[in-house]
1. Give, as a single signed number, the net charge of other residues whose beta carbon lies under 9 Å from the beta carbon of ALA115, with Lys and Arg counted +1 and Asp and Glu -1.
2. With all pairs of different alpha carbon atoms counted, what Kirkwood hydrodynamic radius in Å does the stretch 231-290 show?
3. Please name which of LEU103, ILE67, GLY178 has its Cα lying farthest along the dipole of the stretch 67-202 towards the positive end, using unit charges on Cβ (Lys, Arg +1; Asp, Glu -1) and the Cα centre as origin.
4. Within the set LYS228/LYS285; LYS228/LYS255; LYS65/LYS285; LYS65/LYS228, which residue pairs have Cα atoms separated by over 24 Å?
5. What number in nm² do you get for the stretch 140-290 if you take the convex hull of its Cα atoms and divide its surface by four?
6. Rounded to whole Å, give me the distance from the Cα center of the stretch 204-275 to that of the stretch 130-164.
7. Grab the Cα-Cα distance for ASP187 and ASN214, subtract it from 0.36 nm times how many residues apart they are, and report the gain in nm with one decimal.
8. Once the whole set of protein chains is in place, how much accessible area is left on ASP260, using a 1.4 Å probe, in Å² to the nearest 10?
Amino acid sequence: MKKLTALLLALCMVFALAACGEDAETAESAAPSEEPAESAAPSEEPAENEEPAAESGFTTVEEGKLIMSTNAAFPPYETTDDSGAVIGIDPEIAALIAEKLGLELVIDDVDFDSALLAVQQGKADMVMAGVTVNEDRLAVMDFTASYATGVQVVIVPEDSDIADMDGLEGKLIGCQRGTTGYIYASDTPENGGYGDENVIAYDNGITAVEALKNGQVDAVIIDNGPAKEFVEANPGLKILETPWVEEEYAIGLSKADSADALNEAISNALQELIDDGTVQSVLDKYITAE
Ligand code: GLN
(Lines give C-alpha, C1' and ligand atoms only; values in the text may rest on other atoms or scores of the structure.)
Protein backbone atom coordinates (compact mmCIF):
# COMPACT_ATOMS: atom_id res chain seq x y z
CA MET A 1 0.00 0.00 0.00
CA LYS A 2 2.71 2.44 1.07
CA LYS A 3 4.65 1.38 -1.96
CA LEU A 4 1.74 2.33 -4.15
CA THR A 5 1.34 5.65 -2.39
CA ALA A 6 5.03 6.37 -2.76
CA LEU A 7 4.92 5.42 -6.40
CA LEU A 8 1.92 7.62 -7.03
CA LEU A 9 3.65 10.43 -5.19
CA ALA A 10 6.75 9.99 -7.29
CA LEU A 11 4.64 9.97 -10.46
CA CYS A 12 2.79 13.09 -9.34
CA MET A 13 6.12 14.79 -8.76
CA VAL A 14 7.34 13.85 -12.21
CA PHE A 15 4.15 15.15 -13.80
CA ALA A 16 4.22 18.28 -11.67
CA LEU A 17 7.76 19.01 -12.80
CA ALA A 18 6.93 18.25 -16.41
CA ALA A 19 3.89 20.48 -16.15
CA CYS A 20 6.02 23.29 -14.73
CA GLY A 21 8.36 23.13 -17.65
CA GLU A 22 5.53 23.10 -20.09
CA ASP A 23 3.71 25.99 -18.45
CA ALA A 24 6.73 28.14 -18.81
CA GLU A 25 7.04 27.38 -22.48
CA THR A 26 3.41 27.48 -23.50
CA ALA A 27 2.85 30.65 -21.56
CA GLU A 28 5.12 32.45 -23.95
CA SER A 29 3.79 30.80 -27.08
CA ALA A 30 0.20 30.07 -27.93
CA ALA A 31 -2.94 29.71 -25.83
CA PRO A 32 -2.64 30.15 -22.10
CA SER A 33 -6.42 30.37 -21.88
CA GLU A 34 -6.94 27.42 -19.50
CA GLU A 35 -5.02 28.69 -16.52
CA PRO A 36 -5.06 32.43 -16.83
CA ALA A 37 -4.41 33.11 -13.15
CA GLU A 38 -1.21 31.11 -13.04
CA SER A 39 0.20 31.92 -16.41
CA ALA A 40 -0.30 35.59 -15.70
CA ALA A 41 2.93 35.47 -13.72
CA PRO A 42 5.14 33.11 -15.66
CA SER A 43 8.30 34.93 -14.69
CA GLU A 44 8.49 33.43 -11.18
CA GLU A 45 8.49 29.78 -12.07
CA PRO A 46 11.27 29.55 -14.61
CA ALA A 47 13.49 31.52 -12.24
CA GLU A 48 12.88 29.01 -9.46
CA ASN A 49 13.35 26.13 -11.82
CA GLU A 50 16.75 27.21 -12.98
CA GLU A 51 18.84 25.80 -10.14
CA PRO A 52 17.41 22.32 -9.62
CA ALA A 53 17.41 21.89 -13.37
CA ALA A 54 21.19 22.11 -13.40
CA GLU A 55 22.09 18.44 -13.03
CA SER A 56 24.77 18.87 -10.39
CA GLY A 57 22.89 21.51 -8.41
CA PHE A 58 23.14 19.44 -5.24
CA THR A 59 25.58 19.55 -2.39
CA THR A 60 26.83 16.53 -0.46
CA VAL A 61 28.33 16.26 3.02
CA GLU A 62 31.76 15.91 1.42
CA GLU A 63 32.34 17.24 -2.05
CA GLY A 64 32.38 14.58 -4.73
CA LYS A 65 31.36 11.87 -2.28
CA LEU A 66 28.10 10.14 -1.48
CA ILE A 67 28.34 9.06 2.15
CA MET A 68 26.05 6.17 3.05
CA SER A 69 25.73 5.17 6.69
CA THR A 70 24.80 1.57 7.46
CA ASN A 71 25.13 -1.25 9.96
CA ALA A 72 26.86 -4.11 8.18
CA ALA A 73 25.40 -6.89 10.31
CA PHE A 74 22.18 -7.31 8.38
CA PRO A 75 22.71 -9.83 5.58
CA PRO A 76 21.79 -10.02 2.77
CA TYR A 77 21.23 -6.24 2.81
CA GLU A 78 24.67 -5.51 4.25
CA THR A 79 27.44 -7.54 5.73
CA THR A 80 31.23 -7.57 5.52
CA ASP A 81 33.38 -9.89 3.44
CA ASP A 82 36.66 -11.45 4.59
CA SER A 83 38.55 -8.28 3.75
CA GLY A 84 36.17 -6.17 5.83
CA ALA A 85 34.50 -4.55 2.81
CA VAL A 86 30.77 -3.90 3.14
CA ILE A 87 28.83 -5.98 0.61
CA GLY A 88 25.17 -6.75 -0.05
CA ILE A 89 21.99 -5.42 -1.61
CA ASP A 90 22.21 -1.91 -0.13
CA PRO A 91 25.86 -1.17 -1.06
CA GLU A 92 25.20 -2.48 -4.59
CA ILE A 93 22.21 -0.22 -5.10
CA ALA A 94 24.10 2.67 -3.46
CA ALA A 95 27.03 2.19 -5.84
CA LEU A 96 24.67 2.39 -8.82
CA ILE A 97 23.09 5.57 -7.45
CA ALA A 98 26.52 7.12 -6.81
CA GLU A 99 27.52 6.27 -10.37
CA LYS A 100 24.42 7.97 -11.78
CA LEU A 101 25.18 11.05 -9.69
CA GLY A 102 28.86 11.09 -10.61
CA LEU A 103 29.90 10.69 -6.97
CA GLU A 104 32.28 8.38 -5.14
CA LEU A 105 30.42 6.06 -2.75
CA VAL A 106 31.77 6.08 0.81
CA ILE A 107 30.26 3.59 3.28
CA ASP A 108 30.24 4.36 6.97
CA ASP A 109 29.60 1.19 9.00
CA VAL A 110 28.24 2.05 12.47
CA ASP A 111 25.55 0.79 14.89
CA PHE A 112 22.04 0.83 13.43
CA ASP A 113 20.78 3.69 15.60
CA SER A 114 23.92 5.70 14.81
CA ALA A 115 23.37 5.05 11.10
CA LEU A 116 19.92 6.65 11.36
CA LEU A 117 21.33 9.56 13.37
CA ALA A 118 24.21 10.19 10.94
CA VAL A 119 21.78 11.42 8.30
CA GLN A 120 19.85 13.54 10.77
CA GLN A 121 23.07 15.13 12.03
CA GLY A 122 24.45 15.89 8.58
CA LYS A 123 27.26 13.33 8.81
CA ALA A 124 25.96 11.15 6.01
CA ASP A 125 24.04 11.88 2.82
CA MET A 126 21.82 8.83 3.13
CA VAL A 127 21.23 5.78 5.27
CA MET A 128 20.73 2.39 3.66
CA ALA A 129 20.43 -0.37 6.25
CA GLY A 130 17.22 -2.19 5.43
CA VAL A 131 15.57 0.85 7.01
CA THR A 132 11.83 0.52 7.52
CA VAL A 133 9.76 3.60 6.83
CA ASN A 134 7.59 4.45 9.83
CA GLU A 135 5.90 7.52 11.21
CA ASP A 136 8.47 8.31 13.89
CA ARG A 137 11.26 8.21 11.34
CA LEU A 138 9.26 10.25 8.83
CA ALA A 139 9.15 12.98 11.47
CA VAL A 140 12.95 13.28 11.47
CA MET A 141 14.00 12.02 8.05
CA ASP A 142 12.90 12.07 4.44
CA PHE A 143 12.61 8.82 2.51
CA THR A 144 12.83 7.70 -1.08
CA ALA A 145 10.27 5.34 -2.55
CA SER A 146 10.43 1.83 -1.16
CA TYR A 147 12.86 -0.55 -2.88
CA ALA A 148 12.22 -3.73 -0.89
CA THR A 149 9.88 -5.25 1.67
CA GLY A 150 10.63 -6.97 4.93
CA VAL A 151 8.67 -8.97 7.48
CA GLN A 152 9.39 -9.26 11.19
CA VAL A 153 9.83 -12.92 12.12
CA VAL A 154 10.68 -14.94 15.22
CA ILE A 155 13.77 -17.15 15.54
CA VAL A 156 13.71 -19.85 18.24
CA PRO A 157 15.80 -22.94 19.02
CA GLU A 158 14.57 -25.96 17.05
CA ASP A 159 13.29 -27.68 20.22
CA SER A 160 11.56 -24.57 21.59
CA ASP A 161 8.03 -24.82 23.00
CA ILE A 162 7.25 -21.44 21.43
CA ALA A 163 5.06 -22.14 18.39
CA ASP A 164 3.47 -18.79 17.60
CA MET A 165 3.33 -15.14 18.65
CA ASP A 166 1.18 -15.96 21.72
CA GLY A 167 3.85 -18.39 22.84
CA LEU A 168 6.20 -15.43 23.34
CA GLU A 169 4.23 -14.13 26.32
CA GLY A 170 6.34 -14.24 29.45
CA LYS A 171 9.44 -15.26 27.48
CA LEU A 172 12.63 -13.28 27.07
CA ILE A 173 12.99 -11.79 23.59
CA GLY A 174 16.20 -10.52 21.99
CA CYS A 175 16.15 -7.73 19.40
CA GLN A 176 18.50 -5.34 17.74
CA ARG A 177 18.60 -1.93 19.40
CA GLY A 178 16.73 0.87 17.64
CA THR A 179 14.96 -1.39 15.15
CA THR A 180 11.26 -1.66 14.44
CA GLY A 181 11.39 -5.24 15.78
CA TYR A 182 12.56 -3.82 19.11
CA ILE A 183 9.99 -1.03 19.04
CA TYR A 184 7.05 -3.42 18.44
CA ALA A 185 8.24 -6.15 20.81
CA SER A 186 8.96 -3.80 23.72
CA ASP A 187 5.58 -2.09 23.41
CA THR A 188 2.92 -2.81 26.02
CA PRO A 189 0.75 -5.94 25.66
CA GLU A 190 -2.26 -3.64 25.07
CA ASN A 191 -0.47 -2.39 21.97
CA GLY A 192 0.44 -5.86 20.76
CA GLY A 193 3.92 -5.94 22.31
CA TYR A 194 5.44 -8.09 25.05
CA GLY A 195 6.48 -5.39 27.53
CA ASP A 196 9.80 -3.60 27.83
CA GLU A 197 10.94 -5.84 30.69
CA ASN A 198 10.74 -8.91 28.45
CA VAL A 199 12.88 -7.55 25.64
CA ILE A 200 16.66 -7.26 25.59
CA ALA A 201 18.28 -4.94 23.05
CA TYR A 202 21.55 -6.08 21.47
CA ASP A 203 24.03 -4.09 19.44
CA ASN A 204 23.11 -5.96 16.28
CA GLY A 205 21.28 -9.00 14.96
CA ILE A 206 24.34 -11.22 15.13
CA THR A 207 24.86 -10.63 18.86
CA ALA A 208 21.12 -11.17 19.46
CA VAL A 209 21.36 -14.55 17.72
CA GLU A 210 24.49 -15.41 19.75
CA ALA A 211 22.49 -14.70 22.91
CA LEU A 212 19.74 -17.01 21.68
CA LYS A 213 22.26 -19.78 21.06
CA ASN A 214 23.67 -19.29 24.55
CA GLY A 215 20.21 -19.51 26.10
CA GLN A 216 20.23 -15.91 27.34
CA VAL A 217 16.97 -15.20 25.50
CA ASP A 218 14.15 -17.53 24.37
CA ALA A 219 13.58 -15.96 20.96
CA VAL A 220 14.87 -13.26 18.62
CA ILE A 221 12.58 -10.96 16.64
CA ILE A 222 14.21 -9.62 13.51
CA ASP A 223 13.58 -8.97 9.79
CA ASN A 224 13.09 -12.09 7.64
CA GLY A 225 16.08 -11.43 5.34
CA PRO A 226 18.78 -11.60 8.01
CA ALA A 227 16.74 -14.17 9.99
CA LYS A 228 17.01 -16.62 7.10
CA GLU A 229 20.76 -16.09 6.82
CA PHE A 230 21.33 -16.39 10.57
CA VAL A 231 19.36 -19.66 10.76
CA GLU A 232 21.24 -21.08 7.78
CA ALA A 233 24.54 -20.21 9.43
CA ASN A 234 23.54 -21.53 12.87
CA PRO A 235 22.25 -25.13 12.99
CA GLY A 236 19.72 -25.76 15.77
CA LEU A 237 17.66 -22.63 15.13
CA LYS A 238 14.42 -22.19 13.18
CA ILE A 239 12.07 -19.43 12.06
CA LEU A 240 8.45 -19.64 13.22
CA GLU A 241 5.90 -19.92 10.43
CA THR A 242 4.01 -16.90 11.75
CA PRO A 243 5.29 -13.75 10.05
CA TRP A 244 4.53 -10.71 12.18
CA VAL A 245 4.64 -7.13 10.85
CA GLU A 246 5.21 -6.32 7.17
CA GLU A 247 7.39 -3.35 6.31
CA GLU A 248 8.78 -1.30 3.44
CA TYR A 249 12.50 -0.50 3.19
CA ALA A 250 13.60 2.83 1.74
CA ILE A 251 16.64 5.10 1.72
CA GLY A 252 16.64 7.57 4.62
CA LEU A 253 17.55 11.15 3.71
CA SER A 254 18.19 14.42 5.51
CA LYS A 255 15.24 16.69 6.17
CA ALA A 256 17.40 19.83 5.88
CA ASP A 257 16.37 22.20 3.09
CA SER A 258 19.96 22.23 1.88
CA ALA A 259 19.60 18.52 1.07
CA ASP A 260 16.51 18.95 -1.13
CA ALA A 261 18.33 18.89 -4.45
CA LEU A 262 20.49 15.91 -3.47
CA ASN A 263 17.46 14.06 -2.10
CA GLU A 264 15.67 14.57 -5.38
CA ALA A 265 18.67 13.35 -7.35
CA ILE A 266 18.99 10.24 -5.14
CA SER A 267 15.25 9.55 -5.36
CA ASN A 268 15.24 9.94 -9.13
CA ALA A 269 18.28 7.71 -9.55
CA LEU A 270 16.69 5.01 -7.36
CA GLN A 271 13.42 5.30 -9.26
CA GLU A 272 15.24 4.76 -12.56
CA LEU A 273 16.89 1.66 -11.10
CA ILE A 274 13.51 0.39 -9.91
CA ASP A 275 11.81 1.14 -13.23
CA ASP A 276 14.42 -0.56 -15.40
CA GLY A 277 14.42 -3.70 -13.27
CA THR A 278 17.94 -3.24 -11.87
CA VAL A 279 16.82 -3.18 -8.23
CA GLN A 280 14.83 -6.38 -8.71
CA SER A 281 17.82 -8.12 -10.24
CA VAL A 282 20.03 -7.06 -7.32
CA LEU A 283 17.39 -8.40 -4.89
CA ASP A 284 17.12 -11.65 -6.85
CA LYS A 285 20.89 -12.06 -6.80
CA TYR A 286 20.98 -12.03 -2.98
CA ILE A 287 17.59 -13.46 -2.02
CA THR A 288 16.86 -16.97 -3.21
CA ALA A 289 13.19 -17.81 -3.75
CA GLU A 290 11.52 -19.89 -1.05
N1 GLN B 1 14.04 -2.96 9.25
C2 GLN B 1 14.39 -2.78 10.61
C3 GLN B 1 14.33 -1.32 10.96
O4 GLN B 1 14.34 -0.49 10.10
C5 GLN B 1 15.77 -3.34 10.93
C6 GLN B 1 16.87 -2.73 10.17
C7 GLN B 1 18.25 -3.20 10.61
O8 GLN B 1 18.38 -3.83 11.63
N9 GLN B 1 19.27 -2.90 9.88
O10 GLN B 1 14.26 -0.97 12.10
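1. Spelling it out: positives minus negatives among the neighbours equals -4.
2. Here the Kirkwood hydrodynamic radius works out to 15.1 Å.
3. Of the listed residues, the answer is LEU103.
4. LYS228/LYS255; LYS65/LYS285; LYS65/LYS228
5. 10.3 nm²
6. Here the answer is 6 Å between Cα centres.
7. My answer for the length gained is 7.2 nm.
8. Only protein atoms counted, so the area is about 80 Å².
The values are calculated or read from the model by the stated rules, or taken from the named source; none is laboratory data. Values in this document were obtained by computation on a predicted structure and should not be read as measured data. Virtual Cβ from ideal backbone geometry, glycine too; neighbours counted across all protein chains shown. For the accessible areas, the whole protein counts, side chains as well, though only heavy atoms, and no ligand, DNA or RNA atoms are used. Shrake-Rupley method; radii C 1.70, N 1.55, O 1.52, S 1.80 Å.
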